[in-house]
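What follows is a single structure, written as structure tokens, with notes after it.
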Amino acid sequence: MRLFIRRRHWCLIPRTCLQVLVSLLFVVAPSITAGESKWQSASGARWAELLVAAKGKAGFTLLPPAATGILFTNVLRDDRSVTNRNLLSGSGVAAGDVDGDGWCDLYFCGLDTHNRLYRNRGNWTFEEMTDATGVARPNPDSTGAAFGDIDGDGDLDLLVNSLGGGTRMFENDGKGRYTEITDRAGVRSKTGSTSMALADVDGNGTLDLYVTNFRPGTFKDEPTTRFQGEAINGQHVITFVNGVPANTPDLTNRFIIGPEGNILELGEPDALYLNDGKGRFTAVSFTDGSFLDEDGRPLDNPPRDWGLAVRSPEAGDAQCDSQKPGRSQVSGRERRVGL
């Protein structure tokens, strides 16, 4: 299994319709040939060739919110954007059939805006069902979301990342109603999580979880920060930040002195969790030999590289049709981050 990193908000979910969407929904223009697709079977998925008209003009038609029923806008106040630049990476969208009716429903993440779930009613129309389904996120700064069957019961559970809230998990009862199980799942944290990928890392048939992390905030937005350092065993290190010892939990392994004497702030380590098949997760150490560097050697320290996004290339290409019932899966190839 390899994990790759690039841009935000893609996830690998076998038999799930999941893909990044823009907040304004588009429909393919009539120049695309209509008709039934011929679906082919694959391991844990199905696929079909895209039928394209031999002539005519391909393109998209903008569907206004008044027509689709999607009235979501991701809002970030100006004062928050200038005091925490990490919020400027934005938020994600997940698509999947939450209630088993064969249509791709949409879950939008918000920063100052509450998250929203829209149920697909067909014919490019959606109904806002957030409170009724139990997936409202009253706390802000949600960054990424994914649908996936983490407990193996055949329906799509929901995972949501946020800056300062880590990853939260919601269990689907099979009818599109959710209950939060973050503590029971064993993934509660206060990390500045961005994106995530679901894939069977250890080959036991269950969906494991990889979470990329930034930090909830950065000292780059605090220009008056004072640093003290000294040479220890011939190496220059940061010892105090604003008078606070650099070995306190929030500051440990956070700052290093670069080769030119500049101070560099490191991100939080990413997290890999193995699933026991019942939706309970155990974190994997980065330094127990499971992860290798570019030279094939075990890591000595967890990577702290401000992880923005991750996905696994093990599944087939994605197909998610908001006009026709069905399920699909997502994959891709980006820069390898090791495993």
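The values are calculated or read from the model by the stated rules, or taken from the named source; none is laboratory data. Worth saying up front: this structure is predicted, and the values here are computed from it rather than measured. Quick reminder, even Gly has a Cβ in these numbers, built from the backbone with ideal geometry, and neighbours come from all protein chains shown. Calculation scope for accessible area: heavy atoms of the full protein, side chains included, ligands and nucleic acids excluded. Shrake-Rupley method; radii C 1.70, N 1.55, O 1.52, S 1.80 Å.
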Next item on the list: Provide the gained length on full extension for the span ASP300 to ALA231, in nm with one decimal, where the gain is 0.36 nm per separating residue minus the Cα-Cα distance.
Entry: 22.7 nm
Note to self: Over region 186-237, what is the relative contact order in percent, taking alpha-carbon pairs closer than 8 angstrom and at least six residues apart?
What the structure shows: 28
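Given R₀ = 22 Å, FRET efficiency for THR125-GLU49 by Cβ-Cβ distance, to 0.05?
That pair, THR125 with GLU49, gives E of 0.20.
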Check: Do you know the relative contact order of region 106-256, to the nearest whole percent, from alpha carbon pairs under 8 angstrom that are 6+ apart?
Finding: 13
Note to self: Per residue, how large is the accessible surface of region 176-287? Use a 1.4 angstrom probe and give square angstrom.
What the structure shows: 52
Check: For the peptides 150-161, 222-233, what is the packing order when you average, over each peptide's residues, the other Cβ atoms within 10 Å and list the highest mean first?
Finding: 150-161, 222-233
Next item on the list: Evaluate the charge dipole of region 122-187 about its Cα centre and quote only its size in Debye, nearest 20, assuming +1 on the Cβ of each Lys and Arg and -1 on the Cβ of each Asp and Glu.
Entry: 180
Margin query: Could you tell me how far the Cα centroid of region 194-247 sits from the Cα centroid of region 284-303, in Å?
Written below: 16
Next item on the list: Among the lysines, select those whose C-alpha is under 23 Å from the C-alpha of LYS278, and discard any that sit fewer than 8 residues away in the same chain.
Entry: LYS175
Margin query: Less than 12 Å Cβ to Cβ from PHE219, Lys/Arg counted +1 and Asp/Glu -1: what total charge do the surrounding residues give?
Written below: +1
Margin query: So for each of 186-195, 258-267, 77-86 I average, over its residues, the number of other beta carbons within 10 Å; can you give me the resulting order with the highest mean first?
Written below: 186-195, 77-86, 258-267
